[in-house]
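Comments concern the structure below.
Just so it is clear, none of the values below were taken in a lab; they were calculated from the coordinates. As the structure is a prediction and not an experimental result, all values here were calculated from the model. Cβ sites come from the backbone with ideal geometry, for glycine too, and all protein chains shown count toward neighbours.
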Amino acid sequence: MEIGWPTNVRHVAHVTFDRFNGFLGLPVEFEPEVSRTPPSASTRVFGVSTESMQLSIDSRGNCVPTILLMMQRRLYSQGGLKSEGIFRINPENGQEEYVREQLNNGIIPENIDVHCLAGLIKAWFRELPTGILDSLSPDQIMEAKSEDECLRLVRLLPTTESALLDWALNLMADVAHFETINKMNARNIAVVFAPNMTKMSDPLTALMYAVKVMNFLKTLIASTLREREDS
């Protein structure tokens with residue numbers, strides 16, 4: 001009896017994607033068609049869309065970039081919430097670029113100045129391709145005066161932007177909770193975050209709009225703090 005070549009054979013390859021090293025386990029025959037090098041966005045955490053970033057679930061169920069949670073944990077563990085002027089004071093010169101480079105490699109160096117961490121969190125939002133509030137029109141923001149009106153606008157945000165705003169608001173509420181120590185009440189923390197939440201090409205218009213965004217954020221921070229007290 002003559003035995004022929006096997007038929008109906010499947011070649012199974014287990015390929016994984018690593019955001020730093022690209023495709024791992026890629027069969028040799030596919031290498032000319034699929035680059036092993038990861039897309040540029042996958043090796044950066046600043047100035048890129050969240051769609052190309054590694055995501056994690058925070059304590060409130062928000063799906064947000066892992067790098068934000070990493071920076072938040074380090075900020076809290078190093079006592080950043082109780083540091084006077086946190087998110088307002090500029091970091092020491094020279095450290096930010098080094099830390100940025102390390103963050104792009106998924107590493108948070110030891111002994112980072114908490115003001116550097118806070119500045120990089122703001123920079124992360126500022127350098128997004130689009131601001132997290134840009135799906136709302138300036139008129140909508142400016143006309144929202146009451147807490148109910150502000151909360152209604154939040155519900156209009158797309159899922160990704162809504163999750164990022166909720167994460168940011170709870171971060172700001174955590175800061176405001178220690179206002180007697182860090183001197184950063186709801187208004188102060190809203191002031192420093194507001195310019196990072198929207199994109200406007202005209203500097204003067206952006207400055208005026210930031211005041212409205214600040215009031216919007218301040219109202220939402222106060223709402224978040226009140227919700228915590230009631231729960």
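A few remarks follow.
- Estimated FRET transfer efficiency when R0 is 22 angstrom, pair T205-E179 (beta carbons, to 0.05): 0.10
- Overall Cα dimensions of region 41-230, principal axis frame, Å, largest first: 43, 38, 36
- Considering only G94, S223, L128, the residue lying farthest towards the positive end of the dipole of region 41-230 is S223, judged by Cα position with unit charges set on Cβ.
- All lysines inside 26 Å of K212 as judged from Cα atoms, apart from same-chain residues fewer than 8 positions distant: K122, K145, K183, K199
- Of every Cα-Cα pair in region 165-231, the percent that sits beyond 19 Å: 31 percent
- Segment S231..C63, full-extension length gain: 58.2 nm, with 0.36 nm per residue of separation and the alpha-carbon distance subtracted.
- Projected label points at S146 and N111, each 7 Å from Cα along the beta carbon direction, are separated by 5.5 nanometres.
- Expressed per residue, the C-alpha convex hull volume of region 39-124 stands at 95 Å³.
- The Kirkwood radius of region 135-202, taken over pairs of alpha-carbon atoms, gives through the Stokes-Einstein law at 10 °C and 1.306 mPa s a diffusion coefficient of 120 µm² s⁻¹.
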